[in-house]
Each structure stands twice: as structure tokens, then as C-alpha cells.
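Colleague: Sending over a structure as C-alpha cells; questions will come in a sec.
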Amino acid sequence: MNISDSHIGHRARLRERFLKNGRSSLADYELLELLLSYAIPRKDTKLIAKELIATFGNFAAVFDQPAEKLQTLSGIGPSVATFLISIRAVMTRYLEQKAERADAISSPEDVADFVRLAIGASQRECLMVLCLNAANRLVHHEILVEGTVDQAPVYPREIFRPALLHNATAMILVHNHPSGRAIPSEQDQYMTQRIDSLASEFNIVLHDHLIVCPSQAYSIKTGRLL
């Protein structure tokens with residue numbers, strides 16, 4: 001459906017409301033509609049926005065989807081799917097650099113949003129390490145391994161390699177649960193205790209081990225399992 005004059009006026013009013021009053025003035029579907037208007041300039045995007053949210057459950061979940069799932073909906077082709085995926089990449093890069101610029105990482109909340117966006121929605125289990133210096137500033141981070149849907153093979157030498165290469169004095173481990181439940185398993189607890197024990201041999205402190213999914217982050221330290 002090509003956009004009509006009335007829809008052009010509606011789109012202009014939507015943009016004006018957003019610029020004047022911010023995101024809180026728009027419903028979830030309206031904010032998504034506004035975003036989609038830049039990727040689909042010649043069509044009404046309201047119905048597409050509503051269908052995306054209805055299909056995937058909520059606004060945030062739309063940006064957790066891989067391209068192939070997005071393209072199952074009418075009106076979403078490769079370019080629009082790429083546009084939606086790129087928004088998540090932009091948000092991740094923003095939070096990544098915000099964490100890098102922070103004076104210090106003092107709690108799980110300081111990095112939780114970044115790591116949730118980085119690996120929380122992955123369909124495979126990933127293990128990530130954050131390396132900190134003596135001032136608890138983030139000096140390096142990387143995804144060490146990507147495994148199957150329920151397991152990422154872990155080798156201690158790989159976990160400590162980036163910390164040693166970047167002269168880190170502390171680190172935070174992060175892995176995701178593709179099941180969508182950020183609850184530590186017995187294996188998670190065992191691995192955390194093992195890495196914590198080995199870390200002292202390298203004069204490195206394991207500050208925490210976070211388990212993440214798209215909407216949750218669980219701190220093993222806060223849960224007193226470390």
C-alpha cells in the first residue's frame with residue numbers, strides 16, 4: 001500500500017510529537033512505526049509495526065530476532081530486516097563505549113545492559129570475558145567461544161588468555177542462556193568456583209560471573225554463589 005497524503009500528515013505529526021515530547025509520548029507500536037518510516041518511506045508502517053510486536057511479544061523482542069524470522073512477516077524484506085538488526089548493533093555499540101568510558105565498573109548493573117545486548121539474545125550459548133585494570137576500568141572484552149544451544153565448551157587457558165594479554169588485574173565472566181532463563185545451573189556454579197580458584201594463580205580477581213538472556217541478568221556474586 002503506497003502512502004497517502006493523510007498518512008504523510010500522520011507521519012509528520014508523529015515525528016513532531018517525538019521531537020517535542022520524547023519517546024514517552026509514543027506507544028511502543030508508534031515508536032516502531034516511526035523507525036520503520038525511515039526504512040519504508042513510501043508505505044504506511046503502522047500495521048507492520050503492530051504485527052511485529054504482536055508476533056514477537058513486545059517492542060524489545062522485535063530487535064532480538066534474526067533476519068530470517070523478521071522476513072517471515074509481510075512487508076519485511078532483506079533491507080528492512082537489516083535495518084532492524086542494525087538498530088540493535090547501534091544500541092550495543094553505544095552501551096559498549098559507555099562502559100569503556102566509565103570511571104570504574106563497581107557493580108553488575110554497570111555492564112548488565114551492554115552484555116545483555118551483546119550476547120543475551122544469541123540462539124547459541126556464548127562465553128564472554130570483560131577485562132579490568134587496577135582501577136576497575138574496562139580495558140578489553142571479547143566473546144571467547146560460541147557453542148551449541150545449551151553448551152559452550154570452556155577451557156581455562158582460553159578464559160585467562162585475554163586478561164593476561166591486556167595486563168588485566170580483574171575480570172568478569174558472562175554467558176547467556178538461550179532458554180531465556182537467567183538461572184545458574186550446577187555446572188555454572190562449578191565452573192565459576194573453578195575459575196575463581198585458578199585466577200589467584202595469575203594474580204587476577206574474578207569479580208563476578210553474569211548469566212544473561214534478553215530481559216534478565218543474574219549475578220552469581222550477588223546471589224552469593226561466588
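The values are calculated or read from the model by the stated rules, or taken from the named source; none is laboratory data. The shown structure was predicted, so the numbers you read here are calculated from the model rather than taken from an experiment. Quick reminder, even Gly has a Cβ in these numbers, built from the backbone with ideal geometry, and neighbours come from all protein chains shown.
Colleague: List pairs: first in the range 42-56 and more than 14 Å from Asp28 (Cβ to Cβ), second assigned to a helix (DSSP H, G or I), Cβ under 6 Å, 6+ apart or cross-chain?
Modeller: Asp44/His7
Colleague: Still on this structure, I have one more. Being within 16 Å of the chain's Cα centre (by Cα) and in contact (Cβ under 8 Å) with a residue 60 or more places away in the chain is the filter; apply it to the range 175-215 and report the residue that is farthest from Glu146 (Cα to Cα).
Modeller: By that ranking, first place goes to Ser215.
Colleague: Could you pull out every one of the strands (runs of 3 or more DSSP E) wholly within the range 114-190 that has 1 or more residues that are under 26 Å from Gln65 (Cβ atoms) and among the polar types (S, T, N, Q)?
Modeller: Per the criteria, 170-176.
Colleague: Looking at this structure, is Phe63 in contact with a helix residue (DSSP H, G or I) (Cβ under 8 Å, 6 or more places away or on another chain) and either more than 25 Å from Ser219 (Cα to Cα) or in contact (Cβ under 8 Å) with a residue 24 or more places away in the chain (or both)?
Modeller: Working: in contact with a helix residue (DSSP H, G or I) (Cβ under 8 Å, 6 or more places away or on another chain): yes; either more than 25 Å from Ser219 (Cα to Cα) or in contact (Cβ under 8 Å) with a residue 24 or more places away in the chain (or both): yes.
In short, yes.
Colleague: While we're on this one: Can you confirm whether the range 7-25 contains a residue that is outside the structural domain of Ala121 (by TED's automatic domain parsing), of a type in the set (Gly, Ala, Ser) and touching a residue at least 24 places away in the same chain (Cβ under 8 Å)?
Modeller: No, every residue in the range 7-25 fails to be outside the structural domain of Ala121 (by TED's automatic domain parsing), of a type in the set (Gly, Ala, Ser) and touching a residue at least 24 places away in the same chain (Cβ under 8 Å).
Colleague: Conditions: (1) within 18 Å of the chain's Cα centre (by Cα); (2) outside any loop (DSSP other than H, G, I, E, B); (3) assigned by TED's automatic domain parsing to the domain that holds Arg15. Gln65 meets all but one. Number of the miss?
Modeller: For Gln65, the exception is condition (2).
Colleague: Residue by residue through the range 31-59, note down the ones that are buried (at least 17 other Cβ atoms within 10 Å of the Cβ) and of a type in the set (D, E, K, R).
Modeller: Glu33, Asp44, Lys46
Colleague: Tell me yes or no: at least one residue of the range 5-24 is farther than 21 Å from Pro214 by Cβ, hydrophobic (A, V, I, L, M, F, W, C) and either under 16 Å from the mean Cα position of the chain (by Cα) or surrounded by 15 or more Cβ atoms within 10 Å (Cβ to Cβ) (or both).
Modeller: Yes; the residues of the range 5-24 include at least one that is farther than 21 Å from Pro214 by Cβ, hydrophobic (A, V, I, L, M, F, W, C) and either under 16 Å from the mean Cα position of the chain (by Cα) or surrounded by 15 or more Cβ atoms within 10 Å (Cβ to Cβ) (or both).
Colleague: Further question on the same structure: Just to check your reading of the model, which residue among Ile76, Ile105 is among the hydrophobic types (A, V, I, L, M, F, W, C), under 24 Å from Val212 (Cα atoms) and over 13 Å from the mean Cα position of the chain (by Cα)?
Modeller: Ile105
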